[in-house]
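Taken together, the values in this text are just the output of simple stated rules run on the coordinates, not laboratory data. Since this is a predicted model, take the numbers as computed values, not measurements. Virtual Cβ from ideal backbone geometry, glycine too; neighbours counted across all protein chains shown.
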Amino acid sequence: MRLWQYWWRTFVFSTQYNPPEFVEMMMMSLAMGFAVTWFYQPNEWPYLALSSSFAIGAALSMGIRELLIPSPRQHMVGASAIVMLVCSLFGLAYLTHYL
């Protein structure tokens, strides 16, 4: 039970301490989950579309947040945002096979 209480307190603290980063983390988690689902079921193209759209949204949010409020790990956040944008654009380009 203490493990669940610790997990819950950590979850609540992270949402209160830095809400934009928490939302970005949730969007990236959903993007990865949808991408893995699409990988195992390649005929289900909506999973690829959702994964790409979540990744684009998270990357843009990270980039804008770093422009407005720079953090000590600015280069790492910027690099991961660019990698997510490139991967999601390749995913959206792959969606043309389904049209």
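Run the numbers for Phe13 and His75: contour at 0.36 nm per residue of separation, minus the present Cα-Cα distance, in nm. Please report the intermediate quantities before stating the final value.
On the way: separation 62, 0.36 × 62 = 22.32 nm, distance 2.52 nm.
Extra length from Phe13 to His75 when fully extended: 19.8 nm.
If I model a spin label as a point 7 Å beyond the Cα along the Cα-Cβ vector, how far apart are those points for Ser29 and Leu3 in nm?
Those two pseudo-labels are separated by 1.7 nm.
Would you work out which of Val23, Leu85, Trp38 lies farthest towards the positive end of the dipole of the chain? Charges go on Cβ: Lys and Arg +1, Asp and Glu -1.
Value computed over the given set: Val23.
If you place +1 on the Cβ of every Lys and Arg, -1 on the Cβ of every Asp and Glu, and leave all else neutral, what size is the dipole of the chain about its Cα centre, to the nearest 20 Debye? The partial results should precede the final answer.
Details: 4 positive and 4 negative charges, 60 e Å.
Approximately 280 debye in magnitude.
Can you show me the helix-derived [θ] at 222 nm for the chain, built from DSSP H runs with n ≥ 4 at -39,500 (n - 2.57) apiece and divided by the number of residues, rounded to the nearest 500. Mind showing how you got there, number by number?
Working: 4 runs with 83 residues, N = 99.
Computed ellipticity for the chain at 222 nm equals -29000 deg cm²/dmol.
7 Å from Cα along Cα→Cβ at both Tyr40 and Glu21: what's the point-to-point distance in nm?
Result for the modelled spin labels: 3.1 nm.
Using the scaling law 2.2 N^0.38 Å as the reference, what is the normalised Cα Rg of the chain?
Numbers: Rg = 15.8 Å, N = 99, 2.2 N^0.38 = 12.6 Å.
Against the empirical 2.2 N^0.38 Å value, I get 1.25 for the chain.
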